[in-house]
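These notes concern the structure reproduced below.
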Amino acid sequence: MAVNIRKVAIVGCGFVGSSTAFALMQSSMFSEIVMLDADRNKAEGEALDISHGLPFSKPAAIYAGDYDDIADAAIIIITAGAAQKPGETRLDLIKKNVGIFKSIIPEIAKRNFQGILLVVANPVDVLTYAAKQLSGFSDDRVFGSGTVLDSARLRYNLSNHLGVDPRSIHAFIIGEHGDSEFAAWSSANVSGIEISRFCEMRGYYHDHDLAKANIQEEVKNAAYDIISKKHATYYGVAMATKRICEAIVRDEKSIMPVSSVQHGRFGISDVALSVPVIVGKDGIESEVPFSLNEEEIQKLRDSAKTLKEVIKSCDLD
C-alpha cells in the first residue's frame, strides 16, 4: 500500500497521545490524523476536542479509527501503554507494556504497513526493541523517541546555567532513556566552543565537573520530579515527537539521539538505545561519526547491559 506522507496515526490516546495529536494539529504538517485507543470512546472524544481547534489552524481530518484506517500512514506513533506512577521507574513498566505491544504490533504488521513506526511509550528502548522483533520491519523504519527529550532538557538546563539560547547548545544525552542515561560531555559545545571554556567566558571559573554532574542529575530526574508534582509528563514528549515527525516529513536529515537497534557500534549489539543518527524521510538514514571518550563508552556499554537484562525477561526471541 502506498504511503500517504500527509497522514499520521497515533495509537494510544492517553495524556501523551492526545498531547501529541494536539501538537501535530497545530504544526499543520499533516492533513489527516487518525487516533486509535483500546477505548474507542476515548479516541473519539479526543479527536473531536482537538478538531474544534481547526478553525484556528489549517484544514485537516482528525478522527478515531481502527487498524485498517492507518495502514497507509507515513508515520504510526505508538504511545499506548500503562502510565508511569510516582516512585515507579520506566523499567518497572516493562512486562505490562510489552504485553500491550504484543497485541498492537502484529495488527500493524499484517496490514503491509510501509511507513515508519515511531515508539514513544515507556520504557521506550525496550519497547523499540520489542516493536522491531514483533514487526519484522527493517531497523531504519522502527525507532523510538529515545533521549530526544532528555537532550532538550539538558540544553534547557545548560541554557539557564550559561545564559545563552538553548538552540546554540549542541549536547546529547545518550544510552537508555532512563536511570542509566548520561550526558556525552566530551562532544558538548556552544556553537563550537567547548562547554568548560564557555563556562569561563560566562564567569564560572571553578567546579565545572560539579556543575556538569548536577545538571546531568537534574535531567535524569526531571521526569520523576514532574510526576511527583502533576502525576504525569506529556507536553515535553509531545513536542519532542513533533520535532521527530518534522525531520521525517520534511526530510531534514536532522541529527537526533533516537532509540534504535544497535549492531556492533561501540561494541554494543542486540539492544535498542540512543546515540545520534541522521533522521529523514526514510527514517534512520545513517549513523554519524560520534566520538566518545573511554569513560563514556563504558557508561554506554553499562547502559546497554542494563537494558539487555530487562529484554531477557520479555520473551521476545
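The values are calculated or read from the model by the stated rules, or taken from the named source; none is laboratory data. Just so we're clear, the structure is a prediction, and the values are computed from it rather than from any experiment. When we count neighbours, we look across all protein chains shown, and the Cβ atoms used for this are built from the backbone with ideal geometry, even at glycine.
State which residue is nearest to residue 250 (Cα to Cα) when the search covers only segment 288-299 and only residues that are touching a Ser or Thr at 6+ places or on another chain (Cβ under 9 Å) and either not in a helix (DSSP H, G or I) or not charged (D, E, K, R) (or both). Among residues in segment 288-299 that are touching a Ser or Thr at 6+ places or on another chain (Cβ under 9 Å) and either not in a helix (DSSP H, G or I) or not charged (D, E, K, R) (or both), the one nearest to residue 250 (Cα to Cα) is 290.
The residue list 153, 167 contains one member that is over 30 Å from residue 94 (Cβ atoms), assigned to a helix (DSSP H, G or I) and among the basic types (Lys, Arg), which is 167.
Given the structure, is residue 310 buried (at least 17 other Cβ atoms within 10 Å of the Cβ) and assigned to a strand (DSSP E or B)? Taking the combined requirement at face value, the residue does not satisfy it.
Quick one: in segment 124-150, which of the residues that are of a type in the set (S, T, N, Q) and part of a helix (DSSP H, G or I) is surrounded by the most Cβ atoms within 10 Å (Cβ to Cβ)?
128
Checking 60, 80, 71 one by one, the residue that is within 26 Å of residue 230 (Cα to Cα) and either out of contact with any Cys (no Cβ under 7 Å at 6 or more places or on another chain) or free of Cβ contacts under 8 Å to residues at least 40 places away in the same chain (or both) is 80 and no other. Residue 158 meets all of the listed conditions (1) buried (at least 20 other Cβ atoms within 10 Å of the Cβ); (2) modelled with pLDDT of 95 or more; (3) part of a helix (DSSP H, G or I) but one, namely (2).
Against the definition (under 27 Å from residue 144 (Cβ atoms), within 23 Å of the chain's Cα centre (by Cα) and free of Cβ contacts under 8 Å to residues at least 12 places away in the same chain), how does residue 159 come out, yes or no? Spelling it out, residue 159 is indeed under 27 Å from residue 144 (Cβ atoms), within 23 Å of the chain's Cα centre (by Cα) and free of Cβ contacts under 8 Å to residues at least 12 places away in the same chain.
Residues in segment 19-48 that are in contact with a helix residue (DSSP H, G or I) (Cβ under 8 Å, 6 or more places away or on another chain) and either β-branched (Val, Ile, Thr) or over 19 Å from residue 246 (Cβ atoms) (or both): 20, 33, 34, 35, 36, 37, 46, 47. So, in segment 26-49, exactly how many residues are crowded, with 21+ Cβ neighbours inside 10 Å and farther than 24 Å from residue 110 by Cα? Residues flagged as crowded, with 21+ Cβ neighbours inside 10 Å and farther than 24 Å from residue 110 by Cα within segment 26-49 amount to 4.
When we screen 192, 175 for residues that are touching an Asp or Glu at 6+ places or on another chain (Cβ under 8 Å), on the phi > 0 side of the Ramachandran plot and modelled with pLDDT of 90 or more, the only hit is 175.
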